[in-house]
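For reference, the structure discussed in these notes is given below.
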Amino acid sequence: LSKDGYIKRTSLKSYSASQNEDTTLKENDYLIGMYEASTLDTLLVFTNQGNFLFIPVHTIYDLKWKELGKHVSNLVPLGEGEEVISSLLVKDFKKDVNVIISTANGMIKRTSLSDFKITRITKPSSCIKLKDGDTVVDVMLDTNPDIFIATSLGYGLWFSKEEIPIVGIKASGVKAINLKDDTVVSTINFDEENSDYLAILTDKGTGKRVKLKDFEKSSRARRGLMTIRDVKTNPYHVIKALMPTNKDHIGLKNGDITLIKPTELPITDRYSTGSTINKKGLTNAFLYKTLEKTNEKEDTTPKKDQVSLEDIDKRLMTIDDFLK
């Protein structure tokens, strides 16, 4: 699934034959989801207007790896100005797994994945009640214990996901961060144990990495700490905050899309504006998507009709055992 809303499924045979070449996309489009899936699975596609599309994988257009996908609105119609922002592949709608949804105006909520199992799949369904002018920024599974919220004016707030109550699918959620003429640009669900740096990218084309330990863990609904120096005469606006690993690539968008390694961003303190990585400025940044494989482990327990020689040996009885 791409950011511009183009979708397809392709056989693993066609994918393997591509020899790791990128799939065909429209100019300046990029992938927001690529999954190894079964036709029994479901793809949940989320939009900026607080809706989600319930798409059984078997209904997605079956095309070759090199073919351009078809727009998702051919499967489920979208409203005017409605854009795709995120997707989740679901194999089982578990009650003990939650979905985190955050908005530009600083609201956040957690809702059980089981609430997203619906029967009406021909129209978008609401997943959050939005106030006037608000839009959804990020949607993710709450697989990690911590939340980091980053804003356009350069504030960052770190708190525990347990501070976000689990509510129904129609609820509007709670305040994640206090905003003052500001908007949320990124929400990250992470584990402190496995995260070292926060990458900050700005509209002026600058970027940097800040050590996570430079931020203090706080609580929800506060202003947060500065992630970038406030330059009054020529303000820098954060367009995206990311927590990449060394294996990731960061996509930079401004007309063209270029990829960089996280190590190309200098490590600085919270008060620097970063180093110039694109002189024309940036309109967006993202983590480059690679194939998400199914992580279901193969069942290695012997089947009922599979008996080892050792098991047979344990079952053998002598006449003396029988007499006892």
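The values are calculated or read from the model by the stated rules, or taken from the named source; none is laboratory data. Please read all numbers here as calculations on a predicted model, not as lab measurements. All Cβ positions, glycine included, derive from the backbone under ideal geometry; neighbour counts span all protein chains shown. Side chains are part of the model used for accessible areas, which takes the heavy atoms of the whole protein and leaves out ligands, DNA and RNA. Shrake-Rupley method; radii C 1.70, N 1.55, O 1.52, S 1.80 Å.
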Would you check if there is a residue in region 95-116 being surrounded by fewer than 13 Cβ atoms within 10 Å (Cβ to Cβ) and either of a type in the set (G, A, S) or at pLDDT 95 or above (or both)? no
Please go through (1) among the β-branched types (V, I, T); (2) within 17 Å of F52 (Cα to Cα); (3) part of a loop (DSSP other than H, G, I, E, B); (4) in contact (Cβ under 8 Å) with a residue 40 or more places away in the chain for T119 and return the number of the only condition it doesn't satisfy. (4)
If only one of T290, T258, T245 is part of a strand (DSSP E or B), within 23 Å of the chain's Cα centre (by Cα) and surrounded by fewer than 16 Cβ atoms within 10 Å (Cβ to Cβ), which one is it? T258
Quick one: would you say I128 is open to solvent by less than 40 Å² (accessible area, probe 1.4 Å), at pLDDT 95 or above, touching a Gly at 6+ places or on another chain (Cβ under 7 Å) and part of a loop (DSSP other than H, G, I, E, B)? yes
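Is it true that some residue in region 198-216 is outside any helix (DSSP H, G or I) and within 29 Å of L75 (Cα to Cα)?
No, there is no match, as no residue in region 198-216 is outside any helix (DSSP H, G or I) and within 29 Å of L75 (Cα to Cα).
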If you take the residues in region 173-190 that are of a type in the set (A, V, I, L, M) and open to solvent by 30 Å² or more (accessible area, probe 1.4 Å), which one is farthest from the chain's Cα centre (by Cα)? L179
Is one or more of the residues making up region 9-27 part of a loop (DSSP other than H, G, I, E, B) and in contact (Cβ under 8 Å) with a residue 60 or more places away in the chain? no
Top-ranked residue in region 261-287 [being without any contact (Cβ under 8 Å) to a residue 60 or more places away in the chain and in a loop (DSSP other than H, G, I, E, B); ranked as farthest from G156 (Cα to Cα)]: K261
Scanning region 149-166 for residues that are surrounded by fewer than 18 Cβ atoms within 10 Å (Cβ to Cβ) and not in a helix (DSSP H, G or I) gives S160, P165, I166
